[in-house]
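All remarks here apply to the structure that follows.
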Amino acid sequence: SVPLGIKSAFAFVSSAPAILLPAATYIMLAMMRWTLPARGFATLGATAFLLTTKTTFWGGNALATFTGEFAYGWGMLAAALFLGILHKALSDGGRIWILAALAEAVVALCHGYPLLVIGFGSFAALFTSAKPLSTLRTLLQVHTLAFLLIAAWLFPLIENLPWTIPNDTPVWIDDLSVLWPRELWPFAVGLIAAGFVIWKKRFDLGGFGLLAGFALASYIGFSVADRTGLAATRFFPLLQWSIVILLGGAIGTALCHWNRQPILWVITASFATLWWCSPGLNQSSDWAQWNLSGYEAKPLWPVFQKVAAQLEGPNSAPRVLFEHDPDNTDTGSTRTLEAFPLFGTRPMLEGLYMEAAITVPFIYQVQAEISAKPSSPSSRFPSVTTSASQAIAHMKELYADTLLLRSDSMKDRFRHNTELEFVAEIEPFLILKIKDFSQQLIEPITTPLTMASQKDWIEDAFSRFRLAHPYQARQVYLPPDVTGPASVLPKENAKSTLIEFDRERLVFETNAIGQPHLIRMTYHPRWRSTTGEPIFLTEPSFMLVVPQHARMEIVFGDSLATKLGGISSILGIIFLTGAILFPRWASPHPQKFAQYHRASWLVLGTFIFTITLGTMLWWSSSERAYQTAFQLYNKHDYLAAAPLFEQAEEGRRLVPWKAEALFWAARNYELGSDRVKARALYEAFRARYMSTYSYPEVAFRLIQLDLEDKKRDEALHIFAELEKFGSENKWTVEARSVLFPK
C-alpha cells in the first residue's frame, strides 16, 4: 500500500489469484520439465478451470476469488510453486529443498486446505522415484522444516479447534456439470490422449507422481471431509485443477509425438479456450468491477454513511443486531453491514468469519428471529423463527440493544412493539432500540447456578437457549474433575463497573466480592484473571468468574500451545540457518524418476483405487440412501422410502441432518398409513431433536394423531411445548386452529 495506496493494494492482492494461477501453473510445469506443448495445454486447462462458474463459493476459480476467497487462491498459487520446487529438489538435489520448505510454509500461511493436500499428496512421489529412500529423506526434511517454521501459527490453530464451529456440511452432487463443468469439456479428450501415450510408451511427464498424489489426496479429502469436521467443498477445486492439468499435459504430449508443429495447436487452442470460456470471462469481469469499485460506487453509499453515523459508539457499547436481507447487495454485498465497525460504529453482533467463535449458533438464531430471509449458514445448528418477545429477550442476553431492519415485514413486526422505541428511519433502514436496557457487559449473576459436563455442551446450550430462556438457572459447563463455582445469594445493590476494555484486556470493579459475575463475551480457555480466579464456561457461550478482589483484570494470554509453537518456530529458524550454512546436512544426490513403464502402472493403479474407493464411499453413504428415499417419496412409494430415511438418520453425523431424515421417515410412514410406526418415530424425534428446525411440524403431526385417537389431553400437552418453541410459528398457528376452532 505504500507505493500504490490502500485501495489499489487491496484490489491487487484480492484479485491477483484470479490472474496469476495460469502463470503459476506454467512455472510449476517448467520446473517439472514438461515439453512446451504439454505445458501449453496444461496451462490452458488451468485457465479454463479459473473461468468455471459452477462452484462459485468453493474456492480456486475467479468467481470464488471475487466473492472473497482470495486467501484460498493465494494458497493454490503457492501450492503450484511448491510442487514445482519440490520436484526440482527431488530430481536435482542441492540446497533447493530449502526453497521447497519455505514454499510449503507460505502455503500454510495462505490457507489450510492446500497445505493438507500437498502435505499428504507429496508422498506419492515415492512410487515414481528410482530411489525411494532418498526421496523419503528429502520429503521428511522439507516437511519437518516447514512444520517447525509454521508451528507458531499451527499449534494455536489446533488448540483452538474445539472452540470453533466446524463448517462441515455434507455435499451431495447430483449434477455432473458440477464435477466437470462446460468450460472443462474439451479437456476430457485428455483421457484418450493419456491412453495413446501410455500405449506408445511415451508417457514422460515429469512430476507426474506429485500431481497424481495431489489429485488423489484432494479426492480423498473431498470424500471424507464431512466425517472429520472439515469442509468437503474446499478440497474439490484442488482436485479439479490437478486433473485438468494432467489431462492437458496428456493432450500436449500426444500432439508432440503425433504432429511436428504442436505449437500451432497450442496457439489455436488458446483462442478456442478463451472463446469457449467467454461466459465465465465476462461474468468474472463484471464481478471484479463490482467488487473492486469500492463502497463509494454502490447505490446506497450515502445511506450507509448516515446509518454508520447514527450507530456511532465505542467497542464497550451494547451491540447492534441487523436483519439479514438479500437486498443488502446494493450496499456492496449481503454481508456489508458486518463491516460497520470499520466506520466507527458500535460492535455488530455478527462478524465476518462465522466459524471462528462458539457464539455463532446463538447469533444466527437471533438473526433468524428478526429476519424475513435469514441466512442460517450453520448446518449443525439450524435457526428457526420465534416470537418477537423471544427475539428481544435473546438480544438482551447477547448484550445487543439496537435493531437495524430492512424488510417491510420485519419493520411492521417490530415497529409497534412496546418493548422497543424508535431511533431513526433512514430509508430503506429502520433503527429501533430496546427500552430501559439494563444489561451490562459484566454484571453479578442473580439466578442460581447448575453444573453440567463440558462434553457436548454446545448442543445442550443451544437447546436451552431455544427452549429454556430466560434462564431460571444458569448452566455452567465443566471439564472433568473440575469443581464449579457455588451459587451465592445475590447481594443487595450488587454492582460492577467496567473500567477498561480492549480486544485482549478488560478491567472492572465490583462491590460483590464472592458472587459469580457474568462476562458477556465469548469464552476461550486463554482468558485469564491476573489475580488467579478461574474463569468458567457458562451458557449460552460466555464467561463466568467469581471475583475475590474488588478490582479484576482479565487478559487474553498465552497457552502451552502458543509457547511450544514459538519455541518450535525458533528451532525451525535455527534448522533453516544450519541447512544454509552446512548444506551437507541435507543435499540428496541427484536422482532419476521412473519413466512411462512405472508411470503407466501408477496411472492404472491410481485409477482403479480411486474408482473403487469412490464407489465404496458412495454406496455406503447415508446421503445416497437419503436421495434414493426422496426419489421413492416423489413417486408416492412411501413405505419403501421410509426405511431408507431411517437408514440415513442412522448414518448421518450432524444432529440437524439426522433430525431431518428421521422426520421424513416418520412422515412417509404416516403417508403410507402405518400410523403405529409413524407415531413411534415422531415420538423419537420429539425426544431427541426438540430444538431442531422440523420440531414444530412434528409436534403438529402428533397433535393431529392424538386428536384422531381421541387423546385431547396429550394433544394439549404437546401444544404447550409447541407454543414455548414459537407462538408465531406457522405450525403453532395451525395447531391452535385445529385445537381451538372458531
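The values are calculated or read from the model by the stated rules, or taken from the named source; none is laboratory data. Here the structure is a predicted model, which means the values were calculated and not measured. Note that each Cβ is placed from the backbone with ideal geometry, even for glycine, and that neighbours are counted across all protein chains shown. Areas reflect the complete protein model, heavy atoms only, side chains present, ligands, DNA and RNA absent. Shrake-Rupley method; radii C 1.70, N 1.55, O 1.52, S 1.80 Å.
At a probe radius of 1.4 angstrom, the accessible area of segment 238-310 per residue rounds to 54 square angstrom. Using only the Cα atoms of segment 78-209, build the gyration tensor, take square roots of its eigenvalues as a ≥ b ≥ c, and label the shape rounded, prolate or oblate: rounded if a/c is under 1.5, else prolate if a/b is larger than b/c, else oblate. Oblate. Among 4-11, 151-158, 271-278, sorting by the average number of other beta carbon atoms lying within 10 angstrom of each residue, highest first, gives 151-158, 271-278, 4-11.
In straight-distance terms, cross-link reach from K710 covers every one of the lysines whose alpha-carbon lies under 27 Å from its own, apart from those fewer than eight places away in the same chain; here that gives K677, K724, K730, K742.
Looking at segment 317-422, the accessible area is 33 square angstrom per residue; that uses a 1.4 Å probe and ignores ligands, DNA and RNA.
Is segment 1-149 rounded, prolate or oblate when judged by the Cα gyration tensor, a ≥ b ≥ c being the square roots of its eigenvalues, rounded requiring a/c under 1.5 and prolate requiring a/b larger than b/c? Cα axes put segment 1-149 in the prolate bin.
Taken over the Cα atoms of segment 259-406, the convex hull encloses 171 Å³ per residue. Counting only Cα atoms, segment 280-341 measures 45, 20, 18 Å along its principal axes, largest extent leading. The fraction of accessible area contributed by carbon and sulfur in the chain is 62 percent, rounded to a whole number (1.4 Å probe; ligands and nucleic acids excluded). Short to long, the 10 Å bins of the Cα pair-distance histogram for segment 651-706 hold 27, 59, 14, 0 percent of all pairs. Based on C-alpha pairs under 8 angstrom that are at least 6 apart in sequence, the chain has a relative contact order of 13 percent. Kirkwood-based Rg over Rh for segment 143-228 (C-alpha set), two decimals? Reported Rg/Rh, Kirkwood definition of Rh: 1.11. Alpha-carbon geometry of segment 363-412: the Rg and the Dmax are 10.6, 31 Å, given in that order. For segment 113-178, the spread of Cα coordinates along the three principal axes comes to 42, 38, 14 Å, biggest extent given first. Under 22 Å of direct C-alpha separation, and excluding same-chain neighbours fewer than eight residues apart, K88 reaches these lysines: K131, K592.
Divided by 2.2 N^0.38 Å, where N counts the residues, the Cα radius of gyration of segment 40-104 comes to 1.34.
Take every DSSP beta bridge whose two residues both sit in the chain; close to 80 percent of them are antiparallel. Given axes a ≥ b ≥ c from the Cα gyration tensor, I'd like to know whether segment 657-742 is rounded (a/c under 1.5), prolate (a/b larger than b/c) or oblate. Judged from the Cα gyration tensor, segment 657-742 comes out oblate (a/c at least 1.5, b/c at or above a/b).
In square angstrom, what is the accessible area per residue of segment 649-704 with a 1.4 angstrom probe? Show your work: numbers first, answer last.
Details: 2150 Å² over 56 residues.
Roughly 38 Å² per residue, with all protein chains present.
Across segment 493-592, the volume of the C-alpha convex hull divided among the residues equals 155 Å³ per residue. Recomputing percent of Cα pairs over 34 Å apart from the coordinates shown identifies the correct label among (1) 47; (2) 63; (3) 58 as (3). Could you state, as a whole-number percent, how many of the C-alpha pairs of segment 209-343 are farther apart than 23 Å? Every Cα pair in segment 209-343 considered, those over 23 Å come to 64 percent.
Cross-link reach is defined here as a Cα-Cα straight distance under 20 Å, omitting same-chain residues fewer than 8 places apart; for K435 the lysines meeting it are K396, K411.
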